[in-house]
Amino acid sequence: MENTLDGLLHCAEEATGTVFSAMRYACLGGGKRLRPFLVIETARLFGVAPRQAERVAAAVEFVHCYSLVHDDLPAMDDDDLRRGRPTAHIAYDEATAILAGDALLTLAFEVLADPETSPDPAVRCSLVTALATAAGASGMVGGQMIDLESEHKDQGLPEITLLQQLKTGALISFSCKAGGILGGANATETAALSDYAMDIGLAFQIADDLLDVEGDESTVGKGVGKDAAAGKATFVSLLGVEQARAKASALIESAQARLEPFGARADMLREVARFIVTREN
Ligand code: GRG
């Protein structure tokens, strides 16, 4: 995965070197690569060529990295630590970080639209549409907007669930469905992947909320305690630590059961579901 990301972030133009350097800084040498892993493992269920899966995996990681760069900006979360090192706007400057994020987002679609990703134009169109929907105003950007507007507002579980399904769940969902799009999944398989994604997406967010309360900055690799400081309702503030942990475990068991149509071939996806709630960063 690192080699694929590195190869696609190659700079041919001397004049635009700085923005490429900032894009490389934002993408390489850190991160769990959860979304790429999900693309590669779901594609494996359908015998998709690894090279094709890796390109789609890179595209979703580019969108994810752009979202982190923009989320860390002073106008949004105003963070100076990400993946254990200075955020992009600290390492470069704000304007360069904004441009690097913009360029990562557009590069993702350039990669998906290339025939190397799939020889079938209908598959490429489906991937582009699915990623655009997941990343845009009806997905991740919409979730971020609700999040920005939700500080110090009275929010219950339904509101928090919707916010998180959009903000973090949408890209995780795309990552799980992408393997099926590449591999021509049938309706049952598509539904199974979609349900699995919904469960792990919520579990991922609960685990993130728990890390924000219980983790320490050096292990988590980013600032902690930020939700409480900003007066944001989270799964943990609403349910308490114990109930939140129980809900995450129940979601993981449900996610694992969703993979029944794939039998033992999906064991790695069952493992990653468990990792999502036991991770330390
Ligand atoms: C700025 C359009 C825009 C959207 C931002 C995803 C997001 C929306 C903001 C990220 C802020 C955040 C910390 C959200 C909590 C969940 C999350 C996405 C954590 C980071 O993902 P990981 O843990 O990160 O997969 P790594 O570094 O491992 O890739």
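The table for this structure:
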read-out: Some residue of the stretch 262-269 being touching a residue at least 24 places away in the same chain (Cβ under 8 Å) and either over 21 Å from the mean Cα position of the chain (by Cα) or within 12 Å of the ligand (Cβ to nearest atom) (or both); value: yes
read-out: Pick from the stretch 147-173, criterion in contact with a Lys or Arg (Cβ under 8 Å, 6 or more places away or on another chain) and assigned to a helix (DSSP H, G or I), ranking: farthest from ARG124 (Cα to Cα); value: ASP147
read-out: Filtered residue count, the stretch 56-71, keeping only those that are closer than 23 Å to ASP212 by Cβ and either away from the ligand (no atom under 12 Å from the Cβ) or free of Cβ contacts under 8 Å to residues at least 24 places away in the same chain (or both); value: 0
read-out: Count of residues meeting criterion [open to solvent by less than 50 Å² (accessible area, probe 1.4 Å) and either over 14 Å from the mean Cα position of the chain (by Cα) or in contact (Cβ under 8 Å) with a residue 60 or more places away in the chain (or both)] in the stretch 135-157; value: 8
read-out: Exclusive hit being in contact with a His (Cβ under 6 Å, 6 or more places away or on another chain) and in contact (Cβ under 8 Å) with a residue 60 or more places away in the chain, set ALA97, ALA53; value: ALA97
read-out: Number of the condition not met by LEU104 [criteria: (1) more than 16 Å from the ligand (Cβ to nearest atom); (2) out of contact with any Ser or Thr (no Cβ under 8 Å at 6 or more places or on another chain); (3) touching a residue at least 40 places away in the same chain (Cβ under 8 Å); (4) open to solvent by less than 50 Å² (accessible area, probe 1.4 Å)]; value: (1)
read-out: Residue pairs meeting the criteria (Cβ under 8 Å; at least 6 apart or on separate chains; first within 15 Å of GLU189 (Cα to Cα), in the stretch 30-50; second modelled with pLDDT of 95 or more and of a type in the set (Lys, Arg)); value: THR42/LYS177; ARG44/ARG265; LEU45/ARG265
read-out: Evaluation of GLU94 against (1) within 11 Å of the ligand (Cβ to nearest atom); (2) on the phi < 0 side of the Ramachandran plot (one fails), failing number; value: (1)
read-out: Leading residue by the ranking (farthest from CYS125 (Cα to Cα)) among those in the stretch 182-198 that are polar (S, T, N, Q) and assigned to a helix (DSSP H, G or I); value: THR188
read-out: Residue within the stretch 183-195 that is surrounded by 19 or more Cβ atoms within 10 Å (Cβ to Cβ) and within 16 Å of the ligand (Cβ to nearest atom) present; value: no
read-out: Residue list for the stretch 173-219, restricted to those being modelled with pLDDT under 95 and either in contact with a strand residue (DSSP E or B) (Cβ under 9 Å, 6 or more places away or on another chain) or of a type in the set (D, E, K, R) (or both); value: ASP208, ASP209, ASP212, GLU214, ASP216, GLU217
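The rows are residues; the columns are (1) farther than 30 Å from SER249 by Cβ; (2) within 16 Å of the ligand (Cβ to nearest atom).
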{"residue": "ARG124", "(1), (2)": "yes, no"}
{"residue": "VAL128", "(1), (2)": "yes, no"}
{"residue": "ASP154", "(1), (2)": "no, no"}
{"residue": "LEU202", "(1), (2)": "no, yes"}
{"residue": "LEU211", "(1), (2)": "no, yes"}
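The values are calculated or read from the model by the stated rules, or taken from the named source; none is laboratory data. Just so you know, these numbers come straight off a predicted model, no measurement behind them. A quick note on method: Cβ atoms are made from the backbone with ideal geometry, for glycine too, and the neighbour counts reach across all protein chains shown. What goes into the accessible areas is simple: the full protein's heavy atoms, side chains included, and nothing from ligands, DNA or RNA. Shrake-Rupley method; radii C 1.70, N 1.55, O 1.52, S 1.80 Å.
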